[in-house]
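Here the structure comes first, spelled out in structure tokens, and everything after it is commentary.
The values are calculated or read from the model by the stated rules, or taken from the named source; none is laboratory data. It should be emphasised that the depicted structure is a prediction, and the values quoted were computed from it without experimental measurement. Every residue, glycine among them, receives a Cβ derived from its backbone with ideal geometry; neighbour counts consider all protein chains shown.
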Amino acid sequence: MKETYVACEPGKTKVSPEIAALVENRKPGHALDAPFYISPEVFEADMKLIYGQHWIYVAVESEIPEPGDYITVDIHRNSVVVVRDDDNAIKAFHNVCRHRGSRLCNEHKGSVGNIVCPYHQWTYDLEGKLLFAEHMGDDFDRSRNGLKSVHLQNLGGLLFICLADSPPADFDEFKAAMEPYILPHQISKTKVAAQIDIVEECNWKLTIENNRECYHCAANHPELTASIFEYGFGYQASPSNQAMLESYDQLVLERSKDWEGGYGLPSIEIEHLDGRITGFRTQRLPLDQHGESETLDAKIASKKLLGDFTRADLGALSLWTQPNSWHHFMSDHIVTFQVFPLSAERTMVRTTWLVHQDAVEGVDYNLDNLTAVWNATNNQDRHLVEISQKGIHSDAYVPGTYSPYTEIYVEKFCRWYIERLTALINA
Amino acid sequence: MKETYVACEPGKTKVSPEIAALVENRKPGHALDAPFYISPEVFEADMKLIYGQHWIYVAVESEIPEPGDYITVDIHRNSVVVVRDDDNAIKAFHNVCRHRGSRLCNEHKGSVGNIVCPYHQWTYDLEGKLLFAEHMGDDFDRSRNGLKSVHLQNLGGLLFICLADSPPADFDEFKAAMEPYILPHQISKTKVAAQIDIVEECNWKLTIENNRECYHCAANHPELTASIFEYGFGYQASPSNQAMLESYDQLVLERSKDWEGGYGLPSIEIEHLDGRITGFRTQRLPLDQHGESETLDAKIASKKLLGDFTRADLGALSLWTQPNSWHHFMSDHIVTFQVFPLSAERTMVRTTWLVHQDAVEGVDYNLDNLTAVWNATNNQDRHLVEISQKGIHSDAYVPGTYSPYTEIYVEKFCRWYIERLTALINA
Amino acid sequence: MKETYVACEPGKTKVSPEIAALVENRKPGHALDAPFYISPEVFEADMKLIYGQHWIYVAVESEIPEPGDYITVDIHRNSVVVVRDDDNAIKAFHNVCRHRGSRLCNEHKGSVGNIVCPYHQWTYDLEGKLLFAEHMGDDFDRSRNGLKSVHLQNLGGLLFICLADSPPADFDEFKAAMEPYILPHQISKTKVAAQIDIVEECNWKLTIENNRECYHCAANHPELTASIFEYGFGYQASPSNQAMLESYDQLVLERSKDWEGGYGLPSIEIEHLDGRITGFRTQRLPLDQHGESETLDAKIASKKLLGDFTRADLGALSLWTQPNSWHHFMSDHIVTFQVFPLSAERTMVRTTWLVHQDAVEGVDYNLDNLTAVWNATNNQDRHLVEISQKGIHSDAYVPGTYSPYTEIYVEKFCRWYIERLTALINA
């Protein structure tokens, strides 16, 4: 039995002595040891302890605009239905029939009145209550056979779920801190313009690490660096970039003053990537050129600005959450990313582009233009994380040093990851 | 070494303590625990103890009508040649050369004089005797290097093999009980009209469980329920179906009297699905509408009736065997099913349609009409077992309650399975 | 952790007790037990102890004719760059960046000035020295972050690498013995006319065993046996071939005398397939018909003879090395084979055809004619090893007897393999 060592409930959480030793001996400031990226046993532990015990970003509210609309999300082997009920409340349930375990909703998205199992027509309402189960007799207690619910939080339209029985309580602080930044973009008044899934042949942590630094940007992302500055990743002055970093810091200062003071938009960096359970970081960052949007020409992609915005040059509000998301909120559109591990060496990245719900394709925005930068960037990143995954298999791989100037947030991701494993192993 | 815990011979049979505990703690009346459907270790145990120690239905005599005709059958990693020898006797051998292990017959079916290894031309006769092996010298004892034989039983044309050294002796009782039912259909005078293999992404037990109930039929099988009554699956009266079940029981009684008394065809149910090694169940069941055959219009599909039959309305003789087959014998054709596990989560279902050997395609029968019902039904069932397999992976899966009214034979399959594992683990 | 039992360094080398027992109990003169061909654990041991501790043939010098030319070679999970530096010396390095482990060279072949990591542009020279790594600060010691080198030997143009820290010292004797045979063919003045990779669904040892006997040739290789005699595989006189073997031995004697005496070409067999670490065997063998080349008509395929040869009828110089190569050197072209294991049940065979560097395709040689025999033979062999692999999975497989007349060199391969495992397990 593969799962001998890894159990779900805190208090009973165990990993093998080999994994515990790997966690304990992680060398700060360095990449992780190879088994963290390639071992199926570590992957099982990651799924139980990281994806199973933390708040996972899974969808955006505008994917299910009407009552009865649902999407299904797979967190490894766990399929979850996220559904808007008749009172416009959003609920999440395990997508598993209480009879013989059949998956209930078998499409990525749809719309239903009740949730009916295709196998024997057991029927659940949108609160998860079992309404109907034929041939089960009088002794059968329907009230004990409702759908198992999953914890859900809605942060200004961003939907997070937690599979644990007792989810981390610090989501509330995270939410309180982030709402002022996010609410002005009014996600509830957006629509999904595009959603694209790509599969990367690598461990999910390589996907996240790659996202947490821009050391690789200059040589690899010509489309992205047309608008984005590499410095917005916690860069420290190094001999080769001191002058440019200083001028960037000056730009950040000026723009923040303008956005915060002049326009009422919170912009200052908040950075809690490690040291807390629900790790996150945010900052409104200046963009290059016209400073409007992450497009090939740095101008807005959609003419219909979001929310109540009256100006386009709002830079990009960045949000990262541990363990699985990043987001860019601009004046005209939002790009939001989820990372879903498929196996120790396969990861799915879902990218969703949101525009104002009244924006009309072909009139207000052009889809190719809207998605050009991040489609190109995603494909470039996919190549980079895949060649990393290959190299880590080598007996010659030893964890190298992270740059103290440009890979600080990679280090913070690893630190958070090791902190969390340590806490849960010893819980 | 994966196989440390699982050995073939009774007396030495061991499984891991985890599997033994799962077997011991199975909760009657409920679906099995998740590892029974997804664990590779349980699958290895199933292959050794269930498929390795029981009578497995593998073919029908009419697949090899002439001397020298053979088919190969794979029971997981074991390939077996079933061949008709020059005296018209049917033999089974392991499809493995005694020299360096090469597979001998590499097609699903064919015709041979002797069995010649493609590698170094070692040549065996149809009794398995090694006739010829070049360059092996005088000291080489050909008589000790014949093919390894496999036990085979022929029940009225249905061929069963057993891979164990000592196969279960109760096949004789099964045969004695079943021959009066099957022989009138005269399989030896049929031919294979069609044979179709489908692969289901599920554990083999889900395939069998799905076959052992018709609770799911009404909502999923419009083609099948055109002729078949769902009640013929051990249904007990439940509040929602009592009236219809009573009228069905009346129909069964009348028809049985007619078939048994008036026409000399045994029809009464024999049910030994659990409580014995070679578990089985049979009954001649009434069909709806014209009551002739499992076709879209319930009329016969082939004008040439089987055996010496002179009337078409003989319903469907049902036969189920544990662990891997079901069969429907009608007046005009036979549909017969084998279940071959491929891995813990993949299963092959082979469906074979037999008609009278003198029936002419396009004249006496139309192939699309003959196969329409079961091709549709197989595909519908494939979907159902595959969504069950997916759901069972969820941490939220808990074995649900079987209906005491409509899933009695599913429970009996599980009971038989647990009984057999228990007996062999403790042998 | 899969690798608990298998460690790289001699002295610490351990395998599981089950594998140790299999090695200890191997029955001489018989095929290996099934786990040697199918077990992932044995495969891991093979990769660590056989492919990880011996000289592995990986390329031919003419694949990288110019300074800066490189190829990459995968020995299971270890990717190695073989590169010609600016002084025309050939070096080998692990293809792994010292920063975050990215694979550096991601094509099979190419040409570079320095080796630059695609991820963050760390730059290494062709001696492996780290020249450049941005943003790493003053404390970072570049001299301790060079590429890890891999031992490399060049035997007359054949390139061997060893992944171990201390490679077997007996390569020198092998080289001294073989140079007189190989050098006259002047590999450095050849070019690659064709290189074809095929994947065989079998364990790598079946690929090698198949190469070490010609018992299977007569019935399977019509193209190859147009020029090659099956007797050149250590055949002993058996009742069925005594007369032909004697006449072949006479032919070998005459031709050797001619090649050695008259033409100065060493031709006598040297056979050290077992009993030493770097096992090998060589012999210049007569060919049938015109005796010139391994082509469909046994005539030379390329008009431009190799080296300083002035006559075409030089037979075929055969070289086999343990564990992974064989070679045929003729007057006009060379065919050379590498065996790279991909997993316990998948193996890649790379075949390279070399002709004189001045030979012009379409004028001096025709590519189809040059490659016809070995393309056909490779495909036939692929089928044979794949059906062997399948058969060995059967519970009925027992290791059969090798022919004492025609499978002596298969036995010697197995003996070498068991010798080497035994020595390293007990080191």
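Annotations for the structure displayed:
- Every residue from the stretch C:381-397 that is in contact (Cβ under 8 Å) with a residue 12 or more places away in the chain, at the interface with chain B (Cβ under 7 Å from one of its Cβ atoms) and in a helix (DSSP H, G or I): C:Leu384, C:Ser388, C:Ile392
Rundown of residues vs (1) outside the structural domain of A:Glu41 (by TED's automatic domain parsing); (2) touching a residue at least 60 places away in the same chain (Cβ under 8 Å); (3) more than 25 Å from A:Glu345 (Cα to Cα), yes/no style:
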residue	(1), (2), (3)
A:Trp204	yes, yes, no
A:Ile208	yes, yes, no
A:Asn211	yes, yes, no
A:Tyr215	yes, yes, no
A:Phe229	yes, no, yes
A:Asn241	yes, yes, yes
A:Glu260	yes, no, yes
A:Leu265	yes, yes, yes
A:Ile270	yes, yes, yes
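- Residue count for the stretch A:239-279, restricted to those that are within 14 Å of another protein chain (Cβ to nearest Cβ) and under 17 Å from A:Ile182 (Cβ atoms): 0
- Among the residues of the stretch C:388-421, those identified as polar (S, T, N, Q) and farther than 18 Å from C:Phe43 by Cβ are C:Ser394, C:Thr401, C:Ser403, C:Thr406.
- Qualifying residue in the stretch B:387-401 (condition: more than 30 Å from A:Gly52 (Cβ to Cβ), in the same structural domain as B:Lys205 (by TED's automatic domain parsing), crowded, with 21+ Cβ neighbours inside 10 Å and hydrophobic (A, V, I, L, M, F, W, C)): no
- Within the stretch A:53-72, the set of residues being within 14 Å of another protein chain (Cβ to nearest Cβ) and either surrounded by fewer than 23 Cβ atoms within 10 Å (Cβ to Cβ) or touching a Gly at 6+ places or on another chain (Cβ under 8 Å) (or both) comprises just one member, A:Thr72.
- For B:Arg77: the one exception among (1) crowded, with 20+ Cβ neighbours inside 10 Å; (2) of a type outside the set (Asp, Glu); (3) within 23 Å of B:Thr278 (Cα to Cα): (1)
- Condition met for B:Phe93 (touching a Phe, Trp or Tyr at 6+ places or on another chain (Cβ under 7 Å) and either among the β-branched types (Val, Ile, Thr) or touching a residue at least 40 places away in the same chain (Cβ under 8 Å) (or both)): no
- Across the stretch C:235-244, not a single residue is classified as farther than 28 Å from C:Lys191 by Cα, touching a Gly at 6+ places or on another chain (Cβ under 6 Å) and buried (at least 19 other Cβ atoms within 10 Å of the Cβ).
- The lone exception for B:Tyr405 - which of (1) crowded, with 22+ Cβ neighbours inside 10 Å; (2) within 14 Å of another protein chain (Cβ to nearest Cβ); (3) of a type outside the set (Val, Ile, Thr) it fails: (1)
- Once the stretch B:146-159 is narrowed to residues that are crowded, with 20+ Cβ neighbours inside 10 Å and within 14 Å of chain C (Cβ to nearest Cβ), the residue that is farthest from B:Trp55 (Cα to Cα) is B:Leu147.
- Residues in the stretch C:363-380 include at least one that is within 14 Å of another protein chain (Cβ to nearest Cβ) and more than 20 Å from B:Leu147 (Cα to Cα).
- Any hit, the stretch B:170-193, residues being within 18 Å of the chain's Cα centre (by Cα), assigned by TED's automatic domain parsing to the domain that holds B:Ile392 and assigned to a loop (DSSP other than H, G, I, E, B): no
- Scanning the stretch B:80-107 for residues that are surrounded by fewer than 20 Cβ atoms within 10 Å (Cβ to Cβ) and either touching a Gly at 6+ places or on another chain (Cβ under 6 Å) or part of a strand (DSSP E or B) (or both) yields B:Ile90, B:Lys91.
- Looking only at the stretch B:337-362, and only at residues there that are charged (D, E, K, R) and either closer than 15 Å to B:Trp204 by Cα or in contact with a Lys or Arg (Cβ under 7 Å, 6 or more places away or on another chain) (or both), the one that is farthest from the other protein chains (Cβ to nearest Cβ): B:Asp358
- If you go through the stretch C:46-79 and pick out every residue that is part of a loop (DSSP other than H, G, I, E, B) and under 22 Å from C:Asn145 (Cα atoms), you end up with 2.
- Scan of the stretch C:120-133 for residues that are within 14 Å of another protein chain (Cβ to nearest Cβ) and either out of contact with any helix residue (DSSP H, G or I) (no Cβ under 9 Å at 6 or more places or on another chain) or surrounded by fewer than 16 Cβ atoms within 10 Å (Cβ to Cβ) (or both), ordered by number: C:Trp122, C:Thr123, C:Tyr124, C:Gly128, C:Phe132
- Residue tally, condition free of Cβ contacts under 8 Å to residues at least 40 places away in the same chain and either part of a helix (DSSP H, G or I) or surrounded by 18 or more Cβ atoms within 10 Å (Cβ to Cβ) (or both), over the stretch B:331-378: 2
- Of all residues in the stretch A:160-172, those satisfying the criterion of being in contact (Cβ under 8 Å) with a residue 12 or more places away in the chain and not aliphatic (A, V, I, L, M) are A:Phe160, A:Cys162, A:Asp165, A:Ser166, A:Pro167, A:Pro168, A:Asp170, A:Phe171.
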